[in-house]
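Single-structure report; data block below.
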Amino acid sequence: MESFREVKIDGYVLRITNPDKVLFPEEGITKWDYVLLCVQLAPYLLRYTRKRLLTMIRYPDGIHESFFYQKNVLHPYPEWVMTRKVGSIEYILLNNLPTLVWLANLACLEFHTSFHYYWNEYPTELVFDLDPSTSDFQKVAEVALETKELLERLNLIGCVKTSGASGLQIYIPIQEGYTFEETRRVNFFIARYLVEKRPDLVTINRKVKERGEKVYFDYLQHWHGKTLIAPYSPRATVKATVSTPIDWEELSGLGSPAFFTLKTIHQRIKEKGDLFSPIAEGSRMDLSEILRFIESHKI
């Protein structure tokens, strides 16, 4: 007989099946533990998943077993789960705590979201995705700091977070109305400048075997229909890491993003607060000047 536990959230009773199933063996995190940890993360995670199209990665039997990506909502689904139909896909909108717990029970261990809100196709941020080719995290940290220096010269202020795996991502909140085509042009301009400045360190070559030990500046990821791991999302890693916002000042001394895990993230948030809050509630950057420069120089 299948075991289960029930939990009441926002007036709804949810059944957690197989609560003792181990999802992260090395950390000893069961499904019930995972649900409770997600509840603690919810005030921060939901802040960045609300109103966005969700792609999940599910690991029904834990991180070392088979997994699959899922975009379409499962039918039937609870009435309080909000969805949005885009083409043939009925996406889930991770808008509330009951939905998060429902997904945690389905062993959704990663939450990837669209770069735009569900009702339009305008990106809400300009995002740079930095992916190291080796385990040397200091290289990706160095590229991130080089990027920050350039952005500040362009009067663009952003926040940085770990991917939860080996890379870093930089977000710049932008004014509403810029298209993905426009943000792609800015992204490529930044990427090409860094490649020319630091050819020893940065590449935009998509072929992994040709990158050597350079950091891949993925200017192509920020696009229609693509997603990125949400801030504060767990990752299906051995250490149960979390995609974590960090201070620019701590970046150079950070040896590994694996310090930030489901077991440590809550104390960190308690001490530092939400370091990504400027993305949610800060000033939105104007890209018009840099776009005019790119256009005038035919870049």
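All of the numbers you see were taken from the coordinates with simple rules; none came from a lab. These figures come from a predicted structure and were not determined experimentally. When we count neighbours, we look across all protein chains shown, and the Cβ atoms used for this are built from the backbone with ideal geometry, even at glycine.
Odds and ends about this structure:
- Length, then width, then depth: along the principal axes, the Cα atoms of the stretch 125-296 run 50, 40, 31 Å.
- Spatially proximal aspartates and glutamates relative to Lys31 (Cα-Cα < 15 Å; intrachain offsets below 8 disregarded): Glu2, Glu6, Asp20, Asp61, Glu65, Glu110
- The Kirkwood hydrodynamic radius of the stretch 68-119, based on inverse pair distances between different Cα atoms, is 11.7 Å.
- Under the Debye formula (equal points on every Cα, no solvent term), log10 I(q)/I(0) of the stretch 197-252 at q = 0.26 Å⁻¹: -1.04
- Residue exposure sequence - Leu100, Leu130 - by fewest surrounding Cβ within 10 Å: Leu100, Leu130
- Of the cross-linked pairs Lys207/Lys298; Lys148/Lys197; Lys71/Lys226; Lys148/Lys214; Lys71/Lys214; Lys214/Lys263, those separated by over 22 Å at the C-alpha level are Lys207/Lys298; Lys71/Lys214; Lys214/Lys263.
- Applying a DSSP loop filter and a limit of 16 other Cβ atoms within 10 Å to the trypsin sites (Lys or Arg not before Pro) in the stretch 67-152 leaves Lys71.
- Treating each Cα of the stretch 1-68 as an identical point scatterer and summing with the Debye formula, the log10 of I(q)/I(0) at q = 0.29 Å⁻¹ comes to -1.25.
- Residue order, fewest to most beta carbons within 10 Å, for Asp10, Asp33: Asp10, Asp33
- Estimated inter-spin distance, Lys85 and Glu6, nm [label 7 Å along Cα→Cβ]: 3.4
- Where trypsin sites (Lys or Arg not before Pro) fall in DSSP loop in the stretch 156-235, at most 10 other Cβ within 10 Å: Arg206, Lys207
- Low-density loop cleavage sites - GluC sites (Glu not before Pro) in the stretch 141-186, where at most 15 other Cβ are within 10 Å (DSSP): Glu176
- Alpha-carbon geometry of the stretch 4-117: the Rg and the Dmax are 13.6, 40 Å, given in that order.
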